[in-house]
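Q: If you scroll down you'll find the structure; I have some questions about it.
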Amino acid sequence: MAFEGRTALVTGCSRGIGAAVARAFREQGARVAGIDLDPAQDELDFFVQGDIGDQKTLERFAAEAIPASGQVDFLINNAMITRGGLDACGYEGFLEVLRVGVAAPYYLTKLLAPRFAPGACVVNLSSTRAFQSQANTESYTAAKGGITALTHGMAVSLAGKARVNAIAPGWIDTTGSAFSGGDADQHPAGRVGKPSDIAAAVLFLCGDGASFITGQTLVVDGGMSRLMVYHGDRGWAYQDPQ
């Protein structure tokens, strides 16, 4: 119960990584407040169903999630969407992704900063896609690049008030599927990631053992982005798109 008596706010908490993070904090004794566009699947201490890309919804969440006399110990900016890239994403779609993935974490941090407890931590969810891409993923990639840069910006501005770090997940399966062969072998860790892998990293960054870490992006991808894979390697074969 390492976080007993402390409060964590988690955005995008209804499924996948966000749900795993919220559950991990509760298992460690924390009070957990969450916000998501979808209904919460797990019982939380406080929950708002709404669009994190909407300014008024963010303001309501910030105002109501913490009891009047309470403080925020941990803010986990996890919520994200994608609208594709140059193949399909228009101007408004691109801005929508940036609102959810960059503007919302910035504004929610700003709203909550006056209520940060001593030793508070902010953890932003980035992605290895901030550093490498597939075709037609520009809206998501740009937002993850933005949140990565925002992390070190906020770490400097909030020095002495809160530590701010990011986690960049790689391939994290949120369906409970089993992967083998090339899918697993392209990870030096030998498997595809799980939401609990990211939740564990979040708890680490929020713990006392990480008190000298701020402004950093921790890549949690089983080593996948460090492994150079060519045709015939690790059970993977190139498929000619033509």
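Q: Out of the residues in the range 219-232 that are in contact (Cβ under 8 Å) with a residue 12 or more places away in the chain and either of a type outside the set (A, V, I, L, M) or under 24 Å from Asn165 (Cα atoms) (or both), which is surrounded by the fewest Cβ atoms within 10 Å (Cβ to Cβ)? Lay out the reasoning, then the answer.
A: First, the residues of the range 219-232 that are in contact (Cβ under 8 Å) with a residue 12 or more places away in the chain: 219-227, 229.
Okay, now just the ones that are also either of a type outside the set (A, V, I, L, M) or under 24 Å from Asn165 (Cα atoms) (or both), so 219-226.
On the way: Val219: 20, Val220: 19, Asp221: 21, Gly222: 22, Gly223: 14, Met224: 18, Ser225: 16, Arg226: 10.
My answer is Arg226.
Q: Take the residues of the range 128-157 that are out of contact with any strand residue (DSSP E or B) (no Cβ under 8 Å at 6 or more places or on another chain) and among the polar types (S, T, N, Q): which is surrounded by the most Cβ atoms within 10 Å (Cβ to Cβ)?
A: Going through the qualifying residues, I end up with Ser139.
Q: What is the one condition in (1) of a type in the set (Asp, Glu); (2) within 21 Å of Ala8 (Cβ to Cβ); (3) modelled with pLDDT under 95 that Asp197 does not satisfy?
A: (3) is the only condition that Asp197 fails.
Q: Checking the conditions here, which among Ser225, Ser180 is in contact with a strand residue (DSSP E or B) (Cβ under 9 Å, 6 or more places away or on another chain) and either part of a loop (DSSP other than H, G, I, E, B) or at pLDDT below 95 (or both)? Spell out the reasoning first.
A: Values: Ser180 fails: in contact with a strand residue (DSSP E or B) (Cβ under 9 Å, 6 or more places away or on another chain).
Within the list Ser225, Ser180, the selection yields Ser225.
Q: Please determine, by comparing only the residues of the range 5-21 that are within 21 Å of Phe116 (Cβ to Cβ) and in a helix (DSSP H, G or I), which one is nearest to the chain's Cα centre (by Cα). Spell out the reasoning first.
A: Quick first cut of the range 5-21, residues within 21 Å of Phe116 (Cβ to Cβ) only: 5-13, 18, 21.
Restricting the remaining residues to those that are in a helix (DSSP H, G or I) gives 18, 21.
Working: Gly18: 7, Val21: 9 Å.
Checked the range 5-21; the qualifying residue nearest to the chain's Cα centre (by Cα) is Gly18.
Q: Between Val72, Val97, Val123, Val102, which is more than 30 Å from Gly222 (Cβ to Cβ) and of a type in the set (A, V, I, L, M)?
A: Numbers: Val97 fails: more than 30 Å from Gly222 (Cβ to Cβ); Val123 fails: more than 30 Å from Gly222 (Cβ to Cβ); Val102 fails: more than 30 Å from Gly222 (Cβ to Cβ).
The unique qualifying residue is Val72.
Q: Oh, and also: Kindly establish whether Ala88 is hydrophobic (A, V, I, L, M, F, W, C) and either assigned to a loop (DSSP other than H, G, I, E, B) or surrounded by fewer than 17 Cβ atoms within 10 Å (Cβ to Cβ) (or both).
A: Judged against the criteria, Ala88 is a match.
The values are calculated or read from the model by the stated rules, or taken from the named source; none is laboratory data. Remember, it's a predicted structure, so these values are computed and weren't measured experimentally. Ideal geometry is used to build each Cβ from the backbone, glycine not excepted, and the neighbour counts take in all protein chains shown.
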